[in-house]
Amino acid sequence: MKNSALKIMFAFFLKFNRRNLKKIAIIFISSVCFIFSACAKPKNTAKMPDRQPVNTAALGPAIEEAAQTEIEATDPAELKKQKQQEAVKNFVENLTNEQLIAQLFVLGIDGKTGLPAYVQNEFAEAAPGSFLLFSSNITNNAKDLCDFTSSIYNWFSQQGIAPLLLIDNEGGAVYRLNQIASPLPSAKNIAQSFKVQKAEDYYALIAKQMRALGLHVNLAPLVEVQNQANIAFLGSRTFGDAENVENYAAAAVKGFSSQQIGAVLKHFPGNTNIDPHASLPHLDVDSETLQNQYIAPFAALIKYNPAMVLMSHIVVDCVDDKPACFSPRMINDILRGKLGFNGVVISDDLYMGALAKNGYPIEVAAVQAVNAGVNLLMLSEKHFGKAFDVLIEEFENNSDFAQKVKDSVKKIIRLKIELGLMNFDEDQMKITAGEKLNAEEMFNDFSAAKKEALDFLTR
């Protein structure tokens, strides 16, 4: 068929004048293409299957991997993130069992102007991942605190992992820096006296002073809506109603984060008028009330990427019969699952009376907290104590537990990189502790930041 058709077409074109040769050529070529197309078409197209999209997964792992690599290569930020995750994984895998377990602890520490010798000796083999400073660590001289925090950071960094230094600066009665830094009103007074933007700006200035003093994480803001069931316990520590909590807690998170101070949402999912320092509180509400009045403010603030969420010791009866810090349902299903929080989960003090008096001594509490999904274990004590030994034993005899520990340490190391305590070298794929701190420079930076904050308050 093809040959016959071509002969007819060629004879037809020869009848035209040579001056029309260009037109002839165009018509001829078009006709040939049409003939070939028609001849190539199958006779029974009705039986042809519908065309399906290509399934790259079915083409084999190599092709799928190549396609993914192509996507990643066009996004430098994503590629760097993946490299950092790989470097963190390798870093964690090279730590000893003792170093891994030690990174889970937030301990108190002695001293005011320098690191005591006994601390250096006690933690020579495995340094705690974090320290919590109290009022007892702080004099009325900012230079003393610069000397103290720089000595902690510099000494422990020599072991290869810089420590996180935490402090409790909510404001008002819970303000550890009240003797040396610019004033910080309580959450209640901030909500009453400051517009939201002014609050954010001032929280940033507070954070700037904290950072200059060698601090990294603020155990604030408190994200609990005031109600009759908690007002006697919380008092002026809450911003008030739901709208104020969402607006002013967001201002705090954004203000702290702008100066590389990690913000901590607390106490998830809430408190009652029962003081957990003394006994175990219960929250007896239905699921709808739990969601709308207690969990909702936390859910609204997760999008601002706080560094941590602090778990309370409260038992939420409609969820399970465990304190929140020991509840996989509360941590994994709700906080991480429904709310999508992917940062560090920290416990409240595991030595509180709420736990010890209700069947959770420290050696039980530490294991249950890690199993539930807690990454950082807060201990008001200044030693590892029994908790360290039981965690090591569980780590060495339970592979699932060991993996949870490693996953927690990865989160902790990533946070330390984010806050500038650890360095990630993308070219060499290495993670190292940051440079040594200079107390004199820190004090000068703090003095300038404090003046800036005081000037802000007079505007």
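Each residue in the range 423-433 was checked for being assigned to a loop (DSSP other than H, G, I, E, B) and in contact (Cβ under 8 Å) with a residue 60 or more places away in the chain, and 2 pass. If you go through the range 313-329 and keep only what is buried (at least 16 other Cβ atoms within 10 Å of the Cβ), touching a helix residue (DSSP H, G or I) at 6+ places or on another chain (Cβ under 6 Å) and either charged (D, E, K, R) or not in a loop (DSSP other than H, G, I, E, B) (or both), you end up with 324, 325, 326.
Quick one: would you say residue 380 is more than 30 Å from residue 330 (Cα to Cα), open to solvent by less than 70 Å² (accessible area, probe 1.4 Å) and hydroxyl-bearing (Ser, Thr, Tyr)? When the stated conditions are applied, residue 380 does not pass them. Only one entry in 150, 236, 182 is surrounded by fewer than 24 Cβ atoms within 10 Å (Cβ to Cβ), touching a helix residue (DSSP H, G or I) at 6+ places or on another chain (Cβ under 8 Å) and in a loop (DSSP other than H, G, I, E, B), namely 182. For beta carbons closer than 6 Å, sequence separation of 6+ or different chains, a first residue in the range 348-370 that is closer than 16 Å to residue 102 by Cα and in a helix (DSSP H, G or I) and a second that is open to solvent by 10 Å² or more (accessible area, probe 1.4 Å) and basic (Lys, Arg), the qualifying pairs are 362/386; 363/386; 370/404. The set of residues from the range 220-233 being open to solvent by less than 50 Å² (accessible area, probe 1.4 Å) and assigned to a loop (DSSP other than H, G, I, E, B) comprises 220, 221, 223, 224, 225, 227, 229, 230.
Only a single criterion out of (1) outside any loop (DSSP other than H, G, I, E, B); (2) charged (D, E, K, R); (3) surrounded by fewer than 19 Cβ atoms within 10 Å (Cβ to Cβ) is not satisfied by residue 436, namely (1).
Residues in the range 196-219 that are of a type in the set (A, V, I, L, M, F, W, C) and either in contact with a helix residue (DSSP H, G or I) (Cβ under 6 Å, 6 or more places away or on another chain) or open to solvent by 10 Å² or more (accessible area, probe 1.4 Å) (or both): 196, 199, 204, 205, 207, 212, 213. Determine if the range 207-221 includes at least one residue that is at pLDDT 95 or above, under 29 Å from residue 295 (Cα atoms) and in contact with an Asp or Glu (Cβ under 6 Å, 6 or more places away or on another chain). Scanning the range 207-221 turns up at least one residue that is at pLDDT 95 or above, under 29 Å from residue 295 (Cα atoms) and in contact with an Asp or Glu (Cβ under 6 Å, 6 or more places away or on another chain). Only residues that are part of a helix (DSSP H, G or I) and either of a type in the set (A, V, I, L, M) or over 10 Å from residue 253 (Cα atoms) (or both) were counted in the range 295-311, giving 9. Before we move on, is residue 193 modelled with pLDDT of 95 or more and open to solvent by less than 10 Å² (accessible area, probe 1.4 Å)? Criteria not met by residue 193.
Given the criteria in contact (Cβ under 8 Å) with a residue 12 or more places away in the chain, among the β-branched types (Val, Ile, Thr) and under 30 Å from residue 112 (Cα atoms), does residue 196 qualify?
no
The residues on offer are 406, 416, and the sole one that is at negative phi and open to solvent by 10 Å² or more (accessible area, probe 1.4 Å) is 406. Scan the range 93-126 residue by residue and report those that are aliphatic (A, V, I, L, M), open to solvent by less than 30 Å² (accessible area, probe 1.4 Å) and either in a loop (DSSP other than H, G, I, E, B) or at pLDDT 95 or above (or both). Passing the criteria: 95, 100, 101, 102, 104, 106, 107, 109, 115, 126. Take the range 127-154 and flag every residue that is out of contact with any Gly (no Cβ under 6 Å at 6 or more places or on another chain) and either modelled with pLDDT under 95 or of a type in the set (Val, Ile, Thr) (or both). Scanning the range 127-154 gives 127, 138, 139, 152. Of the listed requirements (1) closer than 19 Å to residue 130 by Cβ; (2) in contact with a helix residue (DSSP H, G or I) (Cβ under 9 Å, 6 or more places away or on another chain); (3) not hydroxyl-bearing (Ser, Thr, Tyr), residue 416 misses just one: (2).
Pick from the range 162-179 the residues that are open to solvent by 20 Å² or more (accessible area, probe 1.4 Å) and not basic (Lys, Arg): which of them is nearest to the chain's Cα centre (by Cα)?
Applying the filter and picking the extreme gives 168.
When the test is whether a residue is open to solvent by 10 Å² or more (accessible area, probe 1.4 Å) and at pLDDT 95 or above, residue 364 passes it. Going by the conditions given, is residue 441 open to solvent by 90 Å² or more (accessible area, probe 1.4 Å) and assigned to a loop (DSSP other than H, G, I, E, B)? No: the conditions fail for residue 441.
Note on the range 253-294: among residues that are assigned to a helix (DSSP H, G or I) and under 18 Å from the mean Cα position of the chain (by Cα), the one that is surrounded by the most Cβ atoms within 10 Å (Cβ to Cβ) is 256.
The values are calculated or read from the model by the stated rules, or taken from the named source; none is laboratory data. Source: prediction; values computed, not measured. Quick reminder, even Gly has a Cβ in these numbers, built from the backbone with ideal geometry, and neighbours come from all protein chains shown. The area values use the complete protein model at the heavy-atom level, side chains included, leaving out ligands, DNA and RNA. Shrake-Rupley method; radii C 1.70, N 1.55, O 1.52, S 1.80 Å.
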